[in-house]
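*Asks:* Can you read through this structure? Questions will come right after.
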Amino acid sequence: MEPETVPHTLVDARGSACPGPITDLSMAYRRSKVGDVIELWATDPGVKPDVRAWATKTGNLVRSVEHQPDKIVVVLEILRR
Amino acid sequence: MPTRVLVIGGGSGGTMLANALDHRRHEVTVVSASSDHLFQPALLYLAFTGAAARPVRPERALLGRHVHLVEDRVTRVDLGSRQVSTAAGRDLGYDYLVLATGIQSDPSQIPGLAELNARFGDYHSTVAQARLLWRHLDAFGGGTIVLGQSTPVCKCPPSPVEGILLADELLRRRGRRGASRLVFLTPYPRPYPAEAVNEVVEPILAARGIEVMPFFDVDRIDTEASVVHSIEGDEVRYDLPILIPPFVGADIAFEPPDVLDPDRFLRTDRHTLRVQGFDNVFAIGDGTDLPTSKSGVGAHLEAKVVARALKGRPASFDGRTNCPLDLGHGRGTFVIGSYDRPVARSRPTRLKHLMKIVFGKVYWLSLRGWLEPVFDLYFKLTAPRPS
């Protein structure tokens, strides 16, 4: 992995179904600042629409959503805080 | 010679675990900062129905005779040298340590919240705070009630929805609902984060005329103007604010300090419940960083896993949640899931509400472990199914 793509914050929400991965993302957002990159790992398929809706509402950017065999990896960039 | 098991915390998890251990194999000591044990779910009913019974009993009376109780506050835990220090100057050693240290509300994290909670009360900290909130609700003649969790981590995830539905029920019973606006704040995309539960909850909120403001992470409160502001840039004016404070882990200094995450939750193995890096240290209950709901039933199931491990039996936690959700007007549902089995939709019924009330009634007995065969059967019959 190239150094510039190394995420600033890794949020591991695998196995989280209740309350869910968005909890862990929101907590990371509270601690973040503009320019931060958050990489979210989840197993709950609901994470995809939730993260997109979250990013639209908060004005932040979903850089990528990748399905891996054991998890869904979402990379977000914090543009607004 | 029996091994020494030291349990820090006399809440649900710590008490159940201590009682579950065999005194012939283990010398068990519980350190609890309080001589009283609070049944925390009862705060909801103190605050929203004016329930009179005080949900508190002496911790000593809840522990088996074989369990030593030290009423003292732990200030420092050194996992390397196996030494626990207390406020009264005690130094306690152990062979096995169980951290059932819980979480506590911390309104100081949000500007204006400490003042707000002190004035209006809350239903996630103490009996006095819950009764203060009831006095405000009891006297409420009309206007805007704003209710929500300030941050995404909440002790008992169903409790925000339960609070707004019970507030609605109270106002309807008193004929004041027409003069009131109810606004529900949530940091999530929808009223309940788990989609299957939300499918049950959202239509009920809509039918009762409760407004929902999603993606609302509380940033600050302007107590002069009576306005709550969110990180996302929204705001809402209140007459009666019911804001659930943020929660943090217990105020204990750990060595090494990196066993805690930034919110002071203990970094805990999801299955073995051992604290990262220490085979003889376990964590259970709200104080862990497990991706499950912070609830009494979680602490109960985790205590069972650790009790088995300490008896030398195979033991693994599956992340099971089993949270009752009071929907008001005598109906309830359950939030049931596990690490690998998502929460399924559960039809609201009167029976499920009754089960929540019965769990509350038998709580004190369940701490002693006397109802375990009944609970084992219940958990088996209600186990979440694969998706």
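The values are calculated or read from the model by the stated rules, or taken from the named source; none is laboratory data. Quick caveat: nothing in here was measured; it's all calculated off a predicted structure. Glycine gets a Cβ as well: all are built from the backbone with ideal geometry, and neighbour counts include every protein chain shown.
*Asks:* Scan the strands (runs of 3 or more DSSP E) fully inside segment B:1-46 and keep the ones with 2 or more residues being of a type outside the set (S, T, N, Q) and under 12 Å from B:H68 (Cα atoms).
*Replies:* In segment B:1-46, B:3-8, B:26-32 are the strands (runs of 3 or more DSSP E) which contain 2 or more residues that are of a type outside the set (S, T, N, Q) and under 12 Å from B:H68 (Cα atoms).
*Asks:* Tell me, yes or no, whether segment B:89-109 has at least one residue that is without any contact (Cβ under 8 Å) to a residue 40 or more places away in the chain and either within 28 Å of B:V358 (Cβ to Cβ) or assigned to a strand (DSSP E or B) (or both). Even if it seems obvious, please write down each step before you answer.
*Replies:* The first filter runs over segment B:89-109 and keeps only residues without any contact (Cβ under 8 Å) to a residue 40 or more places away in the chain, leaving B:89-91, B:108.
Right, trim to either within 28 Å of B:V358 (Cβ to Cβ) or assigned to a strand (DSSP E or B) (or both) and you get B:91.
Yes, the conditions are met somewhere in segment B:89-109.
*Asks:* Restricting to segment B:336-357, give me the number of residues that are more than 8 Å from chain A (Cβ to nearest Cβ) and either without any contact (Cβ under 8 Å) to a residue 40 or more places away in the chain or of a type in the set (V, I, T) (or both).
*Replies:* The number of residues fulfilling the criteria is 10.
*Asks:* Right, here's the next one. One residue is enough: does segment B:56-68 have a residue meeting the conditions crowded, with 23+ Cβ neighbours inside 10 Å, more than 22 Å from B:L301 (Cα to Cα) and over 18 Å from the mean Cα position of the chain (by Cα)?
*Replies:* No.
*Asks:* On to the next question. Could you tell me which numbered condition B:K361 fails, if it satisfies all but one of (1) facing chain A (nearest Cβ under 10 Å); (2) surrounded by fewer than 22 Cβ atoms within 10 Å (Cβ to Cβ)?
*Replies:* (1)
*Asks:* Among the numbered conditions (1) more than 14 Å from chain A (Cβ to nearest Cβ); (2) buried (at least 23 other Cβ atoms within 10 Å of the Cβ), tell me where B:A207 comes up short.
*Replies:* Checking B:A207 against (1) more than 14 Å from chain A (Cβ to nearest Cβ); (2) buried (at least 23 other Cβ atoms within 10 Å of the Cβ), the one that fails is (2).
To keep it simple, each residue is scored yes or no on (1) β-branched (V, I, T); (2) over 30 Å from B:K311 (Cα atoms).
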{"position": "B:S81", "(1), (2)": "no, no"}
{"position": "B:A88", "(1), (2)": "no, yes"}
{"position": "B:D95", "(1), (2)": "no, no"}
{"position": "B:Q104", "(1), (2)": "no, yes"}
{"position": "B:I110", "(1), (2)": "yes, yes"}
{"position": "B:L113", "(1), (2)": "no, yes"}
{"position": "B:L116", "(1), (2)": "no, yes"}
{"position": "B:V127", "(1), (2)": "yes, yes"}
{"position": "B:L132", "(1), (2)": "no, yes"}
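*Asks:* Under the condition of being in contact with a strand residue (DSSP E or B) (Cβ under 7 Å, 6 or more places away or on another chain) and part of a helix (DSSP H, G or I), which residue from segment B:294-308 is surrounded by the fewest Cβ atoms within 10 Å (Cβ to Cβ)?
*Replies:* B:V297
*Asks:* Would you check if B:G178 is over 28 Å from A:T23 (Cα atoms) and either in the same structural domain as B:D289 (by TED's automatic domain parsing) or of a type outside the set (D, E) (or both)?
*Replies:* Judged against the criteria, B:G178 is a match.
Residues checked against (1) touching a strand residue (DSSP E or B) at 6+ places or on another chain (Cβ under 9 Å); (2) on the phi < 0 side of the Ramachandran plot; (3) of a type in the set (G, A, S); (4) buried (at least 24 other Cβ atoms within 10 Å of the Cβ):
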position	(1), (2), (3), (4)
B:T3	yes, yes, no, no
B:V7	yes, yes, no, yes
B:S12	yes, yes, yes, yes
B:T15	yes, yes, no, yes
B:S32	yes, yes, yes, yes
B:H37	yes, yes, no, yes
B:L43	no, yes, no, yes
B:A51	no, yes, yes, no
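*Asks:* Could you tell me which of the residues B:V275, B:V248, B:V228, B:V218 is crowded, with 17+ Cβ neighbours inside 10 Å, more than 27 Å from B:S316 (Cβ to Cβ) and away from chain A (no Cβ under 14 Å)? Give the steps one after another, and end with the answer.
*Replies:* Working: B:V275 fails: more than 27 Å from B:S316 (Cβ to Cβ); B:V248 fails: away from chain A (no Cβ under 14 Å); B:V218 fails: away from chain A (no Cβ under 14 Å).
Just a single option satisfies the conditions, and that option is B:V228.
*Asks:* On the given criteria, is B:D234 within 11 Å of chain A (Cβ to nearest Cβ), surrounded by fewer than 18 Cβ atoms within 10 Å (Cβ to Cβ) and more than 27 Å from B:L46 (Cα to Cα)? I'd like the intermediate steps shown before the answer.
*Replies:* Numbers: within 11 Å of chain A (Cβ to nearest Cβ): yes; surrounded by fewer than 18 Cβ atoms within 10 Å (Cβ to Cβ): yes; more than 27 Å from B:L46 (Cα to Cα): yes.
It is true that B:D234 is within 11 Å of chain A (Cβ to nearest Cβ), surrounded by fewer than 18 Cβ atoms within 10 Å (Cβ to Cβ) and more than 27 Å from B:L46 (Cα to Cα).
*Asks:* In segment B:315-333, is there at least one residue being surrounded by fewer than 20 Cβ atoms within 10 Å (Cβ to Cβ) and closer than 24 Å to B:D95 by Cβ?
*Replies:* Yes, segment B:315-333 contains at least one residue that is surrounded by fewer than 20 Cβ atoms within 10 Å (Cβ to Cβ) and closer than 24 Å to B:D95 by Cβ.
*Asks:* Do the conditions hold for B:L327, that is, is it in contact with a strand residue (DSSP E or B) (Cβ under 9 Å, 6 or more places away or on another chain) and modelled with pLDDT of 95 or more?
*Replies:* It is true that B:L327 is in contact with a strand residue (DSSP E or B) (Cβ under 9 Å, 6 or more places away or on another chain) and modelled with pLDDT of 95 or more.
*Asks:* Next question, about the same structure. Can you find a residue in segment B:183-195 that is at pLDDT 95 or above and either on the phi > 0 side of the Ramachandran plot or surrounded by fewer than 19 Cβ atoms within 10 Å (Cβ to Cβ) (or both)?
*Replies:* no
*Asks:* Pick out the one residue from B:R119, B:R135 that is outside any strand (DSSP E or B), charged (D, E, K, R), outside the structural domain of B:G287 (by TED's automatic domain parsing) and in contact with a helix residue (DSSP H, G or I) (Cβ under 9 Å, 6 or more places away or on another chain).
*Replies:* The conditions single out B:R119.
*Asks:* If you don't mind, another one. Any idea which residue in segment B:278-311 is nearest to the other protein chains (Cβ to nearest Cβ), counting only those that are free of Cβ contacts under 8 Å to residues at least 40 places away in the same chain and of a type in the set (D, E, K, R)?
*Replies:* Across segment B:278-311, the extreme among qualifying residues is B:D289.
*Asks:* Something else about it: If you scan segment B:53-69, which residues turn out to be out of contact with any strand residue (DSSP E or B) (no Cβ under 8 Å at 6 or more places or on another chain) and over 15 Å from B:H26 (Cβ atoms)?
*Replies:* Across segment B:53-69, the qualifying residues are B:A53, B:R54, B:A61.
*Asks:* Of A:L79, A:L40, A:L25, which residue is more than 9 Å from chain B (Cβ to nearest Cβ) and buried (at least 21 other Cβ atoms within 10 Å of the Cβ)?
*Replies:* Going through A:L79, A:L40, A:L25 in turn, just one is more than 9 Å from chain B (Cβ to nearest Cβ) and buried (at least 21 other Cβ atoms within 10 Å of the Cβ): A:L40.
*Asks:* In this structure, is B:S159 small (G, A, S), modelled with pLDDT of 95 or more, over 13 Å from the mean Cα position of the chain (by Cα) and closer than 29 Å to B:P262 by Cβ?
*Replies:* Taking the combined requirement at face value, the residue does not satisfy it.
*Asks:* I'd like the residue in segment B:181-199 that is more than 21 Å from the chain's Cα centre (by Cα) and away from chain A (no Cβ under 13 Å) and, out of all such residues, is nearest to B:A167 (Cα to Cα).
*Replies:* B:L182
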